[in-house]
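We did not get these values from a lab; they are worked out from the coordinates using the rules stated. Keep in mind it's a predicted model, so treat the numbers as computed, not measured. Here Cβ is always computed from backbone atoms with ideal geometry, including for glycine, and neighbour counts include all displayed protein chains.
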Amino acid sequence: MTEVTLTDSNAAAEQMAKLQNQLQQWAKEYYENDSPTVEDAEYDQAYKHLQELEAAFPELIQADSITQQVGGQQVKSELPKVQHEVPMLSLGDVFSFEELSNWMANTQKSFNENLAYNAELKIDGLAISLIYENGKLVQASTRGDGNIGEDVTKNIKQIKSIPSELNEPISIEVRGEVYMPKDAFVALNSSRERDGLPTFANPRNAAAGSLRQLDPKITKQRKLASFLYQAVDATEILNVTTQSDLLERLSSLGLPTNTTNAVVTNTADVESYIISQTNNRDNLSYGIDGIVIKVNNLNYHEELGNTVKVPKWAIAYKFPPEEAQTIVLDIEWTV
Ligand code: NAD
């Protein structure tokens, strides 16, 4: 009996190490070089398998496992580094209505009242933090490894829709997504192809590659845009109590926000929101890779807290890959 467990555990450890190496390599290509070599679905499948193995063999979880880190390894670009006072996290994800409904039921357990959620589009770009002091934009940074990001202040100032001054002289850190509109992506890749330069794999990587530049002039040419959806200490500074009101308040400050959100209170409504947004996906001028469901009451965010990597008050429902494809992984696993 002991022997069998030992063998399983050895086999699992070997598979986990293989997956870990492969995922770290893909994450480096994706986050550091902005140049992925595999589809997101293939990455997600391998990641999920590693999570399953870690759940089955918790004693084998490595402290530096990719499942315990935001955004791969620490950023190694030449851009100056910025320490985030409040870590910038990733999002947990689900891939089916059933998983989403389980997440909602589980989140509901801690509360007596029926929870409301704000459903938002998951913008396919890269996370950004903007710090305004007395209404003036003083610092912009990428998420990096969640604790240390890259200073992209000069580059962010090249994005027309991001105001260098808010409508009110307040001091606040707001967060959101920088993205490249679909038409700008197509035009950029065509011109790179003409110039014999490597093209970007998708708008997300093009946005990241365009923002993480040492020369802000290059960023300026790339026609990036942004949506903001979060603020640090929002309840105190902005006097709002819900995520849906926060979006409106950010907009009143002059920040670009996405207005397709909806407040939903049950799984049926979340599902119909997801279905209608999925059907409308191709009509949007920007890419989305899923829907984010957030507990609407901001006071509950603190109560629910975070893991080292993701908030417990939000989840991303990820769209299946756009073109049906058979994913063949070059790592074999059996557990
Ligand atoms: P993620 O992109 O799946 O989700 C978290 C991010 O969503 C947040 O940090 C935020 O930037 C963004 N976001 C967009 N809209 C939002 C909204 N309305 N509210 C809140 N957040 C919003 O997570 P991640 O950690 O950035 O990246 C992991 C994913 O990246 C993987 O699931 C995989 O799909 C992809 N990836 C792919 C490769 C590859 O080689 N293809 C490698 C690494 C990662």
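I need two numbers for region 1-156: Rg to one decimal and Dmax as a whole number, Cα atoms only, in Å.
Just the Cα atoms of region 1-156 yield Rg and Dmax of 19.2, 67 Å.
Which whole-angstrom value gives the distance between the alpha carbon centres of region 92-126 and region 19-52?
Value for the Cα centre distance between the two parts: 24 Å.
May I ask for log10 I(q)/I(0) of region 74-113 at q = 0.27 Å⁻¹, from a Debye sum over the Cα atoms as equal point scatterers with solvent left out?
Here log10 of I(q) over I(0) equals -0.98.
Given DSSP loops and a limit of at most 12 other Cβ atoms within 10 Å, what is the longest stretch of the chain that contains no such GluC sites (Glu not before Pro)? Write out the running numbers ahead of the final one.
Working: sites that count: E78, E85, E113, E322, E323, E332.
With GluC sites (Glu not before Pro) excluded where exposed in loops, the chain gives 114-321 as its longest stretch.
Using a 10 Å cut-off around each Cβ, can you sort Y47, Y229, Y317 from fewest to most neighbouring Cβ atoms? Intermediate results must be reported in sequence, preceding the final value.
Numbers: Y47 19, Y229 22, Y317 25.
Lowest to highest Cβ neighbour count: Y47, Y229, Y317.
Using the Cα centre as the reference, give the magnitude of the dipole from point charges on the C-beta atoms of the chain (Lys, Arg: +1; Asp, Glu: -1; all else neutral), rounded to the nearest 20 debye. Don't skip to the answer; put the middle values down first.
On the way: 28 positive and 48 negative charges, 273 e Å.
So the magnitude is around 1300 debye.
Would you mind calculating the gained length between Q24 and N102 on full extension (0.36 nm times residue separation, minus the Cα-Cα distance), in nm to one decimal? Walk me through the numbers on the way to the answer.
Numbers: separation 78, 0.36 × 78 = 28.08 nm, distance 2.92 nm.
Working it through step by step, the gained length comes to 25.2 nm.
Please report, to two decimal places, log10 I(q)/I(0) for region 251-304 at q = 0.23 Å⁻¹ as given by the Debye formula with identical point scatterers on the Cα atoms and no solvent.
Here log10 of I(q) over I(0) equals -1.07.
Apply 1/(1 + (r/R0)^6) to the Cβ-Cβ distance of A63 and N280, taking R0 = 45 Å, and write down the FRET efficiency to the nearest 0.05.
Working: r = 42 Å, r/R0 = 0.94.
With a Förster radius of 45 Å, E is 0.60.
Suppose only helical runs count, i.e. DSSP H with n ≥ 4. What mean residue ellipticity at 222 nm does that imply for the chain under -39500 (n - 2.57) per run, divided by all residues and rounded to the nearest 500 deg cm²/dmol? Can you show the working numbers first?
Details: 11 runs with 122 residues, N = 335.
About -11000 deg cm²/dmol.
Using only the Cα atoms, work out Rg/Rh for region 194-253, with Rh taken as the Kirkwood radius, to two decimals.
Details: Rg = 17.0 Å, Rh = 14.3 Å.
In region 194-253, Rg relative to Rh is 1.19.
Taking K48 as the anchor, which lysines have their alpha carbon closer than 19 Å to its alpha carbon, excluding any fewer than eight residues away along the same chain?
K18, K28, K309, K312, K318
Which percent of the Cα-Cα distances in region 113-230 go past 25 Å? Intermediate results must be reported in sequence, preceding the final value.
Working: 1918 of 6903 pairs.
Summing the P(r) tail past 25 Å for region 113-230 gives 28 percent.
Decide, for region 164-305, between rounded, prolate and oblate: order the square roots of the alpha carbon gyration tensor eigenvalues as a ≥ b ≥ c, take rounded if a/c falls under 1.5, and otherwise choose prolate if a/b is larger than b/c, else oblate. Could you put the intermediate results ahead of the total?
Details: a/c = 2.65, a/b = 1.46, b/c = 1.82.
Here region 164-305 falls in the oblate category.
Determine by what factor the alpha-carbon radius of gyration of the chain differs from 2.2 N^0.38 Å, reporting the quotient. Provide the component values of the computation, followed by the final result.
Working: Rg = 20.5 Å, N = 335, 2.2 N^0.38 = 20.0 Å.
In units of the 2.2 N^0.38 Å rule of thumb, it is 1.02.
In whole Å, what is the distance between the alpha-carbon centres of region 215-288 and region 166-182?
About 11 Å separates the Cα centre of region 215-288 from the one of region 166-182.
Mind checking which lysines have their Cα closer than 17 Å to the Cα of K220? Skip sequence neighbours fewer than 8 apart in that chain.
Hits, sequence-local ones excluded: K154, K157, K160, K182.
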